[in-house]
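Before I ask anything, let me first share the structure, which is written out below as structure tokens.
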Amino acid sequence: MPRSERSPLLLAGLLAVAGVAHFAAPRQFDAIVPTRLPGSPRAWTYGSGAVELALAAGVAAPRTRTAAARAAAAFFVGVFPANVQMAVDSRRGPARRRTAALARLPLQVPLVLWARGIARSGEGQS
């Protein structure tokens, strides 16, 4: 499989695993939903999990890859406040959790760039 095909499938896999995790272990995600958001944290957890699964399917399929990759980049930007919330909340927790939460913040940048790169590589293809 050419490298250009592996990258979208790897991103799709990452999104799928994250999406499934939202349903399999929702409490950990409920805890990082910013309190300013309206409604139930569980609704946001399940909603974001469903979005991740849809994005995974879209990125995996060559026909929808470009649009789905653009949407994934926007999604990664959109969930950044939850990562900030996790970092803020981890200040009172064990050092290991604090380190993991802080390390997650800059991870959003390569995820956004990865998704944008996949979208760009698909532009102009039919």
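Derivation of every value follows stated rules applied to the coordinates shown; laboratory data play no part. As the structure is a computational prediction, the values presented were derived from the model and not from experiment. In this analysis, Cβ positions are derived from the backbone assuming ideal geometry, glycine residues included, and neighbour counts consider all displayed protein chains.
Under 8 Å between Cβ atoms, at least 6 apart or on separate chains: pull out the pairs that start in the range 85-109 with a residue that is without any contact (Cβ under 8 Å) to a residue 12 or more places away in the chain and end on any residue that is loosely packed, with under 12 Cβ neighbours inside 10 Å and part of a helix (DSSP H, G or I).
These pairs meet every condition: R98/R91.
Right, here's the next one. If I filter the range 49-96 down to residues being over 12 Å from the mean Cα position of the chain (by Cα) and not in a helix (DSSP H, G or I), which single residue comes out as surrounded by the fewest Cβ atoms within 10 Å (Cβ to Cβ)?
P94
Is one or more of the residues making up the range 38-48 touching a residue at least 24 places away in the same chain (Cβ under 8 Å), surrounded by fewer than 16 Cβ atoms within 10 Å (Cβ to Cβ) and among the aromatic types (F, W, Y)?
Within the range 38-48, none of the residues are touching a residue at least 24 places away in the same chain (Cβ under 8 Å), surrounded by fewer than 16 Cβ atoms within 10 Å (Cβ to Cβ) and among the aromatic types (F, W, Y).
I'd like the full set of residues that are of a type in the set (A, V, I, L, M, F, W, C), surrounded by fewer than 20 Cβ atoms within 10 Å (Cβ to Cβ) and either farther than 23 Å from W114 by Cβ or in contact with a Ser or Thr (Cβ under 6 Å, 6 or more places away or on another chain) (or both), limited to the range 15-32.
F23, A24, A25, A31, listed by residue number.
Output yes when any residue across the range 97-110 is among the small types (G, A, S), buried (at least 17 other Cβ atoms within 10 Å of the Cβ) and touching a Leu at 6+ places or on another chain (Cβ under 9 Å), and no when none is.
no
Would you check which residues across the range 1-48 are outside any helix (DSSP H, G or I) and among the polar types (S, T, N, Q) and list them?
Answer for the range 1-48, where residues must be outside any helix (DSSP H, G or I) and among the polar types (S, T, N, Q): T35, S40.
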